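Below: the structure, in structure tokens.
The values are calculated or read from the model by the stated rules, or taken from the named source; none is laboratory data. All values reported here derive from a predicted model rather than from experimental measurement. Heads up, the Cβs are rebuilt from the backbone with ideal geometry, glycines too, and the neighbour counts pull from every protein chain shown.
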Amino acid sequence: MAAGLQGVPGLLLVCRGPACGIARSAARALGAEAVEAQGKLFPDAESYVRIDAEARGRAAVAVVTGFPEPSRSVVEEMLLVEALRGLGAASVTAFMPYTPYSRQDRRFLRGEPVSIRAVLRGLAAAGADAYATVDIHKPYSLDWFPGPAANIDPSPVFAEALRPLLGGDTVYVVAPDRGALPRAHRLAERLGAAFDYLEKTRDRVTGEVTIKPKTLDVSGAAVVLVDDIVSTGGTLAKAARLLLEAGAKRVLAAVTHCLLVGNAVEKLEQSGLETLVCGNTVEPRWEKARTADLGPVAAEALRGLVERLHGYEKEL
């Protein structure tokens, strides 16, 4: 029985590859068992997984993260969910720390799929009772999962990781665009800082485009850029340069999913960015990146989902 999970069968977390770090951390916080599933590719590149653990009658969590191989990760998550059902698990929660295919959350052009809806409904069809992820691109996407779902907020962990790096400087938290403003707000509250977002304006006479904080004067301040994903690094690098040009003393960043594809590291090296704090939803490949363990906050979200599935709320 996992410690503190009243009314819930012994909790089992089953992980694959890069997701095992956050899975084991969450399991420690829950007093639960964590096992890594076996896996391989068949000669035609189909995925194979096998769970060597007893799951019958237990609350199980399948943990696979969506990078660096997003399509394979979705398939392996479905296979783990189905395998846990086959082993007789009492409930199965699908946990993808980084949810792939989340950018396509609506039909931008006729004939396109709503990719995240297809992924979430596919996991449910495979047998998942609940779904958990960390800082999904658009939180409303989780409404497409036909069951309980949790979007885990990394800001408490980011605040603790950033606080010793910021010293006594005046601190501002800035989102790279208006869409990321809620993330900036949450982190700023934890740090006791003001927050803002970068706004693009165009001079109607000259046509010149400028990008700067909408309201804040960042001169002499330590600025923390916050976002959910850094992929090619272009947006983050440009934002860091603009803030330094605007007089910021230092620029740091807190990004949940540090994919860092292509020449992203080179762009960030040249941008003047001092430090990049990343969640352990994926494995960042930059020496300046500091990894923050999101396992404990993931554990609390998983605890809530599992207790809900097993009727703990009804017993209160």
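So, E266, is that one charged (D, E, K, R), free of Cβ contacts under 8 Å to residues at least 60 places away in the same chain and either outside the structural domain of G17 (by TED's automatic domain parsing) or more than 21 Å from M96 (Cα to Cα) (or both) or not?
Numbers: charged (D, E, K, R): yes; free of Cβ contacts under 8 Å to residues at least 60 places away in the same chain: yes; either outside the structural domain of G17 (by TED's automatic domain parsing) or more than 21 Å from M96 (Cα to Cα) (or both): yes.
For E266, the condition - charged (D, E, K, R), free of Cβ contacts under 8 Å to residues at least 60 places away in the same chain and either outside the structural domain of G17 (by TED's automatic domain parsing) or more than 21 Å from M96 (Cα to Cα) (or both) - is met.
Can you confirm whether R110 is farther than 30 Å from L244 by Cβ and part of a loop (DSSP other than H, G, I, E, B)?
Working: farther than 30 Å from L244 by Cβ: yes; part of a loop (DSSP other than H, G, I, E, B): yes.
Here the answer is yes, as R110 does meet what is asked.
I'd like the full set of residues that are within 19 Å of G17 (Cα to Cα) and either modelled with pLDDT under 95 or touching a helix residue (DSSP H, G or I) at 6+ places or on another chain (Cβ under 7 Å) (or both), limited to the stretch 79-91. Write out each step before concluding.
Filtering the stretch 79-91 down to residues within 19 Å of G17 (Cα to Cα) leaves 79-84.
Scanning the stretch 79-91 gives V81, E82.
Hey, can you tell me all the residues within the stretch 281-295 that are touching a Ser or Thr at 6+ places or on another chain (Cβ under 7 Å) and not basic (K, R)? I'd like the intermediate steps shown before the answer.
Taking the stretch 281-295 first, the residues touching a Ser or Thr at 6+ places or on another chain (Cβ under 7 Å) are 281-282, 284, 288, 290, 293-295.
Listed by number, the residues that qualify are T281, V282, P284, D293, L294, G295.
Pull up the stretch 46-57, narrow it to residues that are in contact with a helix residue (DSSP H, G or I) (Cβ under 9 Å, 6 or more places away or on another chain) and assigned to a loop (DSSP other than H, G, I, E, B), then point me to the one that is nearest to V119 (Cα to Cα). Steps first, answer last, please.
Within the stretch 46-57, the subset in contact with a helix residue (DSSP H, G or I) (Cβ under 9 Å, 6 or more places away or on another chain) is 46-51, 55.
Still in the running and assigned to a loop (DSSP other than H, G, I, E, B): 46, 51, 55.
Details: E46: 18, I51: 22, A55: 24 Å.
Filtering first and then ranking leaves E46.
Name the helices (runs of 4 or more DSSP H) wholly inside the stretch 222-316 in which the number of residues that are over 21 Å from A26 (Cβ atoms), modelled with pLDDT under 95 and aliphatic (A, V, I, L, M) is 1 or more. If you could, list the steps in order and put the result at the bottom.
Numbers: elements: 234-245, 264-271, 295-309.
It comes to 234-245.
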